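Worksheet for the structure shown next.
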Amino acid sequence: MDIYRRLNDMKIKSSTSIALAVRPRPILHGISVISLFALAVGMMAGQYHNDPTIRSIKYATIATFSPIVSLFSTPAQTLEDIGTDLSAMRALYDENQRLQQEHATLVQWKHVASRLEAENKELRSLLGLGASAGIHTLTAHIISDSHDHLNHTMLIRADNASQLRVGLPVMSAEGVVGHTIEVDGALAKILLITDRLSRIPVQEETTGTRAILMGTNEEGSLLLQHTPNKEAFPVGTHIVTVASDVFPIRMPIGVVTEHREDGIIVAPYAHTSRLRFVTVAVPDSPTH
């Protein structure tokens, strides 16, 4: 019985100790709140009383809590700075997009200006072809062309349909391009000098030695055949057309570049794949 009584006494003492240990926490919390309130009141009172002790307490309190206030105010300032930086970055992005769009527009206009300048230069060169006696010219725009292993042809639209007919020579500013083989209103089909079916009577520019110039279906390569001898057409010789029904005057066509077993190679002056405009030569009167 004594043992049970002692154990019961120990339980009571332990419960009392635990209760005493737990109770001071809310008490201390209340004391701290009251102390802070009293400190605040004292600091407010210090605003009206020039008491050195209160002033010292006030300054000490400010010195103690200023770092804490700064610590909590720093994130707010940081967030404000981040917002300002993001706004500046957005403005820079918008400005960069605008500048890129302006640059793209300027590049497009530059390409347009370059193309117009090239076309203007080409047309000015073509205007000089009309100065030859006995012919006048029609300017034509190239609609399409065909350069393959079967044929080399071109479709053009002339500015004066009434004067178009089959068998008219077609030239660029550099030289002969071909001749018309089909006409439908303002449209005409051109057989290019590089077509394998093309046969043009030509001659050496200075001596007048004649030959037949044939197409090879290869861009930039013509074949000179039916020549008296190869020595009559040395490399560098300029080849012109012979005056005929199709070519009423001597027209430049190419230059000799190579001698081969199958004939003499002539490089045409006109690069048909690069052309936008051509000139159709129309005789003032029929050639006999």
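Quick note: the coordinates plus some simple rules give every number you see, no bench work behind them. None of the values given here were measured: they were computed from a predicted structure. All Cβ positions, glycine included, derive from the backbone under ideal geometry; neighbour counts span all protein chains shown.
Compute the FRET efficiency between V235 and S162 as 1/(1 + (r/R0)^6), taking r as their Cβ-Cβ distance and R0 = 45 Å, and round to the nearest 0.05.
The value I calculate is 0.55.
What is the calculated FRET efficiency for E261 to E219, with r their C-beta to C-beta distance and R₀ = 30 Å, to the nearest 0.05?
My answer for the efficiency is 0.85.
Just subtract the alpha-carbon distance of A186 and D145 from 0.36 nm times their residue separation and send over the number in nm, one decimal.
Contour length minus Cα-Cα distance gives 13.1 nm.
Can you compute the charge dipole magnitude of segment 135-283 about its Cα centre, using +1 on each Lys and Arg Cβ and -1 on each Asp and Glu Cβ, nothing else charged? Give it in debye, rounded to the nearest 20. Walk me through the intermediate numbers first.
Details: 11 positive and 16 negative charges, 59 e Å.
Charge dipole of segment 135-283: 280 debye, to the nearest 20.
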